[in-house]
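This report refers to the structure that appears directly beneath it.
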(Lines give C-alpha, C1' and ligand atoms only; values in the text may rest on other atoms or scores of the structure.)
Protein backbone atom coordinates (compact mmCIF):
# COMPACT_ATOMS: atom_id res chain seq x y z
CA UNK A 1 0.00 0.00 0.00
CA UNK A 2 1.29 3.46 -0.88
CA UNK A 3 2.57 5.66 1.94
CA UNK A 4 0.40 8.70 2.63
CA UNK A 5 0.94 12.06 4.32
CA UNK A 6 -1.28 10.79 7.15
CA UNK A 7 1.11 7.86 7.73
CA UNK A 8 4.13 10.16 7.96
CA UNK A 9 2.31 12.58 10.26
CA UNK A 10 1.26 9.72 12.59
CA UNK A 11 4.79 8.30 12.73
CA UNK A 12 6.29 11.66 13.70
CA UNK A 13 3.51 12.89 15.95
CA UNK A 14 2.85 15.99 13.85
CA UNK A 15 -0.16 17.17 11.92
CA UNK A 16 -0.90 16.27 8.32
CA UNK A 17 -0.87 20.00 7.56
CA UNK A 18 2.74 20.22 8.79
CA UNK A 19 3.84 17.38 6.51
CA UNK A 20 1.97 18.95 3.60
CA UNK A 21 3.70 22.29 4.18
CA UNK A 22 7.12 20.61 4.16
CA UNK A 23 6.23 18.88 0.90
CA UNK A 24 5.21 22.20 -0.65
CA UNK A 25 8.38 23.92 0.53
CA UNK A 26 6.62 26.46 2.74
CA UNK A 27 8.92 28.38 5.07
CA UNK A 28 6.83 28.56 8.26
CA UNK A 29 8.01 25.14 9.47
CA UNK A 30 10.97 24.87 11.86
CA UNK A 31 14.25 23.49 10.55
CA UNK A 32 14.32 20.47 12.87
CA UNK A 33 10.74 19.53 12.06
CA UNK A 34 11.41 19.91 8.34
CA UNK A 35 14.46 17.64 8.58
CA UNK A 36 12.50 14.99 10.51
CA UNK A 37 9.72 15.00 7.93
CA UNK A 38 12.09 14.84 4.96
CA UNK A 39 14.07 12.03 6.59
CA UNK A 40 10.92 9.99 7.22
CA UNK A 41 9.73 10.58 3.65
CA UNK A 42 13.05 9.23 2.39
CA UNK A 43 12.95 6.21 4.73
CA UNK A 44 9.46 5.29 3.54
CA UNK A 45 10.24 6.11 -0.11
CA UNK A 46 7.26 8.46 -0.16
CA UNK A 47 6.13 9.48 -3.66
CA UNK A 48 3.71 12.42 -3.81
CA UNK A 49 0.55 11.94 -5.84
CA UNK A 50 1.00 14.63 -8.50
CA UNK A 51 -2.60 14.38 -9.69
CA UNK A 52 -3.91 14.88 -6.17
CA UNK A 53 -1.60 17.86 -5.69
CA UNK A 54 -2.83 19.37 -8.93
CA UNK A 55 -6.48 18.93 -7.99
CA UNK A 56 -5.96 20.31 -4.50
CA UNK A 57 -3.77 23.26 -5.39
CA UNK A 58 -4.85 24.10 -8.91
CA UNK A 59 -1.31 23.49 -10.21
CA UNK A 60 0.21 20.55 -12.04
CA UNK A 61 3.80 21.35 -10.96
CA UNK A 62 4.71 20.49 -14.55
CA UNK A 63 6.27 22.56 -17.32
CA UNK A 64 5.68 21.58 -20.94
CA UNK A 65 8.33 21.88 -23.63
CA UNK A 66 7.79 21.36 -27.37
CA UNK A 67 10.90 21.27 -29.56
CA UNK A 68 11.25 20.68 -33.31
CA UNK A 69 13.60 17.72 -32.87
CA UNK A 70 15.94 16.01 -30.44
CA UNK A 71 18.72 15.51 -32.99
CA UNK A 72 20.03 19.06 -32.86
CA UNK A 73 22.36 19.32 -29.84
CA UNK A 74 20.93 22.73 -28.89
CA UNK A 75 17.47 21.37 -28.10
CA UNK A 76 18.74 18.24 -26.36
CA UNK A 77 21.04 20.25 -24.11
CA UNK A 78 18.34 22.84 -23.45
CA UNK A 79 15.87 20.14 -22.39
CA UNK A 80 18.47 18.46 -20.15
CA UNK A 81 19.41 21.72 -18.41
CA UNK A 82 15.79 22.79 -18.01
CA UNK A 83 14.81 19.43 -16.51
CA UNK A 84 17.60 19.73 -13.95
CA UNK A 85 16.63 23.27 -12.97
CA UNK A 86 12.97 22.31 -12.60
CA UNK A 87 13.81 19.20 -10.60
CA UNK A 88 15.61 21.30 -8.01
CA UNK A 89 12.38 23.28 -7.56
CA UNK A 90 10.16 20.22 -7.22
CA UNK A 91 8.79 20.56 -10.74
CA UNK A 92 8.79 18.13 -13.65
CA UNK A 93 9.40 18.62 -17.35
CA UNK A 94 7.02 17.11 -19.88
CA UNK A 95 8.87 16.96 -23.20
CA UNK A 96 7.44 16.58 -26.70
CA UNK A 97 9.02 16.68 -30.16
CA UNK A 98 7.14 17.88 -33.22
CA UNK A 99 9.57 16.07 -35.56
CA UNK A 100 9.58 19.23 -37.70
CA UNK A 101 5.92 18.62 -38.55
CA UNK A 102 3.50 21.56 -37.96
CA UNK A 103 0.51 19.23 -37.55
CA UNK A 104 2.29 17.14 -34.91
CA UNK A 105 3.40 20.33 -33.20
CA UNK A 106 -0.17 21.64 -33.00
CA UNK A 107 -1.35 18.34 -31.51
CA UNK A 108 1.48 18.19 -28.96
CA UNK A 109 0.74 21.75 -27.85
CA UNK A 110 -2.94 20.89 -27.39
CA UNK A 111 -2.06 17.71 -25.49
CA UNK A 112 0.25 19.51 -23.06
CA UNK A 113 -2.29 22.27 -22.50
CA UNK A 114 -4.99 19.66 -21.88
CA UNK A 115 -2.73 18.02 -19.29
CA UNK A 116 -2.75 21.32 -17.44
CA UNK A 117 0.94 22.24 -17.49
CA UNK A 118 1.58 25.39 -15.48
CA UNK A 119 3.76 26.91 -18.21
CA UNK A 120 4.39 25.94 -21.83
CA UNK A 121 7.69 26.52 -23.63
CA UNK A 122 7.67 26.19 -27.42
CA UNK A 123 10.42 26.15 -30.03
CA UNK A 124 8.21 26.06 -33.09
CA UNK A 125 8.93 24.48 -36.45
CA UNK A 126 6.38 26.75 -38.14
CA UNK A 127 7.17 29.67 -40.45
CA UNK A 128 7.38 32.98 -38.61
CA UNK A 129 4.21 34.14 -40.39
CA UNK A 130 2.05 31.18 -39.30
CA UNK A 131 1.96 30.69 -35.51
CA UNK A 132 0.23 27.63 -34.01
CA UNK A 133 -3.48 28.24 -33.52
CA UNK A 134 -3.47 26.70 -30.05
CA UNK A 135 -0.95 29.26 -28.79
CA UNK A 136 -3.09 32.19 -29.86
CA UNK A 137 -6.09 30.79 -27.99
CA UNK A 138 -4.61 29.63 -24.68
CA UNK A 139 -4.60 31.45 -21.34
CA UNK A 140 -1.70 29.32 -20.06
CA UNK A 141 1.57 31.28 -19.80
CA UNK A 142 3.69 30.61 -22.90
CA UNK A 143 7.37 31.29 -23.49
CA UNK A 144 8.70 31.09 -27.04
CA UNK A 145 12.19 29.62 -27.31
CA UNK A 146 14.64 30.31 -30.16
CA UNK A 147 11.84 31.07 -32.66
CA UNK A 148 9.29 33.87 -32.42
CA UNK A 149 6.21 35.08 -34.29
CA UNK A 150 6.02 38.82 -35.06
CA UNK A 151 2.20 38.70 -35.03
CA UNK A 152 1.99 36.78 -31.75
CA UNK A 153 2.85 39.02 -28.76
CA UNK A 154 4.36 36.48 -26.36
CA UNK A 155 7.47 36.41 -24.20
CA UNK A 156 10.51 35.24 -26.16
CA UNK A 157 13.98 34.03 -25.22
CA UNK A 158 16.45 33.63 -28.05
CA UNK A 159 19.33 34.99 -30.06
CA UNK A 160 19.51 38.31 -31.88
CA UNK A 161 19.50 36.55 -35.23
CA UNK A 162 19.74 39.74 -37.27
CA UNK A 163 23.06 40.39 -35.55
CA UNK A 164 24.20 36.82 -36.20
CA UNK A 165 23.76 37.32 -39.94
CA UNK A 166 25.41 40.73 -39.83
CA UNK A 167 28.45 39.48 -37.91
CA UNK A 168 28.96 36.58 -40.29
CA UNK A 169 28.75 38.83 -43.34
CA UNK A 170 31.07 41.47 -41.86
CA UNK A 171 33.66 38.84 -41.09
CA UNK A 172 33.62 37.38 -44.60
CA UNK A 173 33.66 40.81 -46.25
CA UNK A 174 36.46 41.85 -43.91
CA UNK A 175 38.74 39.01 -45.02
CA UNK A 176 38.24 39.94 -48.65
CA UNK A 177 35.56 37.51 -49.80
CA UNK A 178 33.28 38.73 -52.56
CA UNK A 179 31.42 35.66 -53.83
CA UNK A 180 29.59 34.84 -50.62
CA UNK A 181 26.81 32.25 -50.47
CA UNK A 182 24.34 31.22 -47.79
CA UNK A 183 22.98 27.83 -46.75
CA UNK A 184 19.78 28.42 -44.80
CA UNK A 185 16.69 26.72 -43.47
CA UNK A 186 12.97 27.17 -43.86
CA UNK A 187 10.97 30.25 -42.97
CA UNK A 188 11.32 30.04 -39.18
CA UNK A 189 12.30 33.32 -37.57
CA UNK A 190 16.03 32.56 -36.97
CA UNK A 191 16.47 31.61 -40.62
CA UNK A 192 14.67 34.67 -41.94
CA UNK A 193 16.39 37.08 -39.55
CA UNK A 194 19.90 35.69 -40.14
CA UNK A 195 19.44 35.93 -43.88
CA UNK A 196 18.06 39.45 -43.55
CA UNK A 197 21.07 40.61 -41.50
CA UNK A 198 23.43 38.86 -43.93
CA UNK A 199 21.83 40.53 -46.95
CA UNK A 200 21.88 43.93 -45.26
CA UNK A 201 25.66 43.91 -44.79
CA UNK A 202 26.37 42.58 -48.29
CA UNK A 203 24.17 45.28 -49.80
CA UNK A 204 25.93 47.99 -47.79
CA UNK A 205 29.27 46.65 -49.04
CA UNK A 206 28.06 46.67 -52.65
CA UNK A 207 28.33 42.89 -52.95
CA UNK A 208 25.77 41.09 -55.08
CA UNK A 209 24.04 38.00 -53.71
CA UNK A 210 22.90 35.95 -56.73
CA UNK A 211 19.80 33.82 -56.30
CA UNK A 212 21.87 30.69 -56.93
CA UNK A 213 24.06 31.58 -53.95
CA UNK A 214 21.16 31.17 -51.50
CA UNK A 215 20.29 27.51 -50.87
CA UNK A 216 17.38 27.08 -48.47
CA UNK A 217 16.94 23.64 -46.90
CA UNK A 218 13.58 22.10 -46.13
CA UNK A 219 11.82 18.96 -44.93
CA UNK A 220 12.80 16.87 -41.94
CA UNK A 221 16.52 17.51 -42.41
CA UNK A 222 16.21 21.16 -41.45
CA UNK A 223 18.48 20.63 -38.48
CA UNK A 224 20.65 17.85 -39.88
CA UNK A 225 24.02 17.87 -41.58
CA UNK A 226 22.97 15.90 -44.68
CA UNK A 227 21.38 18.89 -46.35
CA UNK A 228 24.40 21.01 -45.50
CA UNK A 229 26.46 18.54 -47.50
CA UNK A 230 24.06 18.47 -50.45
CA UNK A 231 23.67 22.25 -50.43
CA UNK A 232 27.44 22.68 -50.61
CA UNK A 233 27.64 20.24 -53.51
CA UNK A 234 25.05 22.34 -55.30
CA UNK A 235 27.05 25.52 -54.71
CA UNK A 236 30.34 23.94 -55.80
CA UNK A 237 28.75 22.76 -59.05
CA UNK A 238 28.02 26.33 -60.17
CA UNK A 239 29.98 27.77 -63.08
CA UNK A 240 31.32 30.39 -60.67
CA UNK A 241 31.23 28.81 -57.20
CA UNK A 242 31.36 30.99 -54.09
CA UNK A 243 34.60 31.73 -52.27
CA UNK A 244 32.85 31.74 -48.87
CA UNK A 245 29.65 30.28 -47.40
CA UNK A 246 27.65 31.40 -44.37
CA UNK A 247 25.79 28.41 -42.91
CA UNK A 248 22.61 28.80 -40.89
CA UNK A 249 23.76 26.61 -37.98
CA UNK A 250 26.57 24.35 -36.79
CA UNK A 251 25.18 21.09 -38.17
CA UNK A 252 24.71 22.52 -41.65
CA UNK A 253 28.28 23.85 -41.48
CA UNK A 254 29.58 20.41 -40.48
CA UNK A 255 27.77 18.88 -43.45
CA UNK A 256 29.05 21.59 -45.78
CA UNK A 257 32.65 20.93 -44.75
CA UNK A 258 32.47 17.15 -45.32
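The values are calculated or read from the model by the stated rules, or taken from the named source; none is laboratory data. Everything numeric here is computed off the predicted structure, so don't read it as measured data. Cβ atoms come from the backbone with ideal geometry, glycine included; neighbour counts cover every protein chain shown.
Figures for the structure shown
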quantity: Region 1-20: number of residues that are part of a helix (DSSP H, G or I) and either under 28 Å from residue 116 (Cβ atoms) or at pLDDT below 75 (or both); calculated: 10
quantity: Single condition residue 249 does not satisfy, out of (1) more than 21 Å from the chain's Cα centre (by Cα); (2) within 24 Å of residue 127 (Cβ to Cβ); calculated: (1)
quantity: Some residue of region 114-121 being over 18 Å from residue 188 (Cα atoms), free of Cβ contacts under 8 Å to residues at least 40 places away in the same chain, touching a helix residue (DSSP H, G or I) at 6+ places or on another chain (Cβ under 7 Å) and not in a loop (DSSP other than H, G, I, E, B); calculated: no
quantity: Enumeration of residues in region 122-135 that are surrounded by 13 or more Cβ atoms within 10 Å (Cβ to Cβ) and part of a helix (DSSP H, G or I); calculated: 134, 135
quantity: For residue 192: the one exception among (1) in contact with a strand residue (DSSP E or B) (Cβ under 7 Å, 6 or more places away or on another chain); (2) surrounded by 14 or more Cβ atoms within 10 Å (Cβ to Cβ); (3) under 30 Å from residue 137 (Cβ atoms); calculated: (1)
quantity: Per-region count, region 141-176, residues without any contact (Cβ under 8 Å) to a residue 60 or more places away in the chain, in contact with a strand residue (DSSP E or B) (Cβ under 8 Å, 6 or more places away or on another chain) and not in a loop (DSSP other than H, G, I, E, B); calculated: 7
quantity: Checklist (1) assigned to a loop (DSSP other than H, G, I, E, B); (2) on the phi < 0 side of the Ramachandran plot; (3) modelled with pLDDT of 95 or more applied to residue 186, failing item; calculated: (3)
quantity: Among the candidates 51, 23, residue that is at pLDDT below 80, part of a helix (DSSP H, G or I) and surrounded by 14 or more Cβ atoms within 10 Å (Cβ to Cβ); calculated: 23
quantity: Which numbered condition residue 92 misses (of (1) out of contact with any strand residue (DSSP E or B) (no Cβ under 6 Å at 6 or more places or on another chain); (2) modelled with pLDDT of 90 or more; (3) within 27 Å of residue 8 (Cα to Cα)); calculated: (1)
